[in-house]
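K.L.:
Submitted below is the structure of interest, expressed as structure tokens.
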Amino acid sequence: QVQLVESGGGLVQTGGSLRLSCAASGSISAINLMGWYRQAPGKQRELVARAFSGGIIDYVDSVKGRFTISRDNAKNTVYLQMNSLKTEDTADYYCHAVIRVTQSGPFFNYWGPGTQVTVSP
């Protein structure tokens with residue numbers, strides 16, 4: 001079994017910073033990518049940032065220059081440093097990973113339970 005556990009959400013004022021962490025645990029053979037999605041009330045879940053094992057990184061345009069994603073492959077952990085937070089960043093943030101549990105098996109999608117980020121005016 002594979003589990004993703006997020007931490008670091010909370011309440012912050014506009015312009016503040018938060019750092020999210022997500023650790024993958026369990027029977028893990030390889031991780032292709034790790035990233036973050038978010039879902040605001042009444043809106044669809046959207047990709048925020050993702051980091052591939054080969055080094056490629058994607059960000060949604062609205063967070064470029066403010067958010068930084070990084071991975072610690074030795075710890076199977078992904079981080080999201082969020083600076084200059086805006087009220088529109090308020091959402092539930094979900095960790096996502098594409099993981100293979102056996103050496104020659106397929107990759108599967110895994111999701112964390114989510115962590116809430118609230119940015120006040």
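The values are calculated or read from the model by the stated rules, or taken from the named source; none is laboratory data. Computed from a prediction, not measured in an experiment: that's the story for all the values here. All Cβ positions, glycine included, derive from the backbone under ideal geometry; neighbour counts span all protein chains shown. We work out accessible area using only protein heavy atoms, side chains counted, and drop any ligands, DNA or RNA first. Shrake-Rupley method; radii C 1.70, N 1.55, O 1.52, S 1.80 Å.
K.L.:
Kindly provide the set of residues from region 108-120 that are open to solvent by less than 70 Å² (accessible area, probe 1.4 Å) and part of a strand (DSSP E or B), ordered by number.
P.N.:
Across region 108-120, the qualifying residues are Y110, T115, V117, T118, V119, S120.
K.L.:
Of the residues that sit in region 67-92 and are farther than 13 Å from R19 by Cα and among the β-branched types (V, I, T), which one is most open to solvent (accessible area, probe 1.4 Å)?
P.N.:
Once the filter is applied, the top-ranked residue is T87.
K.L.:
Give the residues of region 46-66 that are in a strand (DSSP E or B) and open to solvent by 50 Å² or more (accessible area, probe 1.4 Å), sorted by residue number.
P.N.:
Those that are in a strand (DSSP E or B) and open to solvent by 50 Å² or more (accessible area, probe 1.4 Å): E46, R50, F52, I57, Y59.
K.L.:
Hey, among A24, A49, which residue is in contact (Cβ under 8 Å) with a residue 12 or more places away in the chain, within 28 Å of S120 (Cα to Cα) and aliphatic (A, V, I, L, M)? Walk me through it before giving the result.
P.N.:
Working: A24 fails: within 28 Å of S120 (Cα to Cα).
Sole residue among the options that is in contact (Cβ under 8 Å) with a residue 12 or more places away in the chain, within 28 Å of S120 (Cα to Cα) and aliphatic (A, V, I, L, M): A49.
K.L.:
How many of the residues making up region 3-45 are part of a strand (DSSP E or B) and within 16 Å of the chain's Cα centre (by Cα)?
P.N.:
Number of matching residues: 23.
K.L.:
Still on this structure, please answer the following. Can you go through S120, S84, S62, S53 and tell me which one is under 16 Å from the mean Cα position of the chain (by Cα) and at pLDDT 95 or above?
P.N.:
Going through S120, S84, S62, S53 in turn, just one is under 16 Å from the mean Cα position of the chain (by Cα) and at pLDDT 95 or above: S62.
K.L.:
Among the residues of region 8-45, what is the count of those that are within 18 Å of Q116 (Cβ to Cβ), open to solvent by 50 Å² or more (accessible area, probe 1.4 Å) and not hydroxyl-bearing (S, T, Y)?
P.N.:
Counting residues in region 8-45 that are within 18 Å of Q116 (Cβ to Cβ), open to solvent by 50 Å² or more (accessible area, probe 1.4 Å) and not hydroxyl-bearing (S, T, Y) gives 9.
K.L.:
Now for a different question. In region 93-107, what count of residues is obtained for those that are open to solvent by 30 Å² or more (accessible area, probe 1.4 Å) and touching a residue at least 12 places away in the same chain (Cβ under 8 Å)?
P.N.:
Here the count works out to 6.
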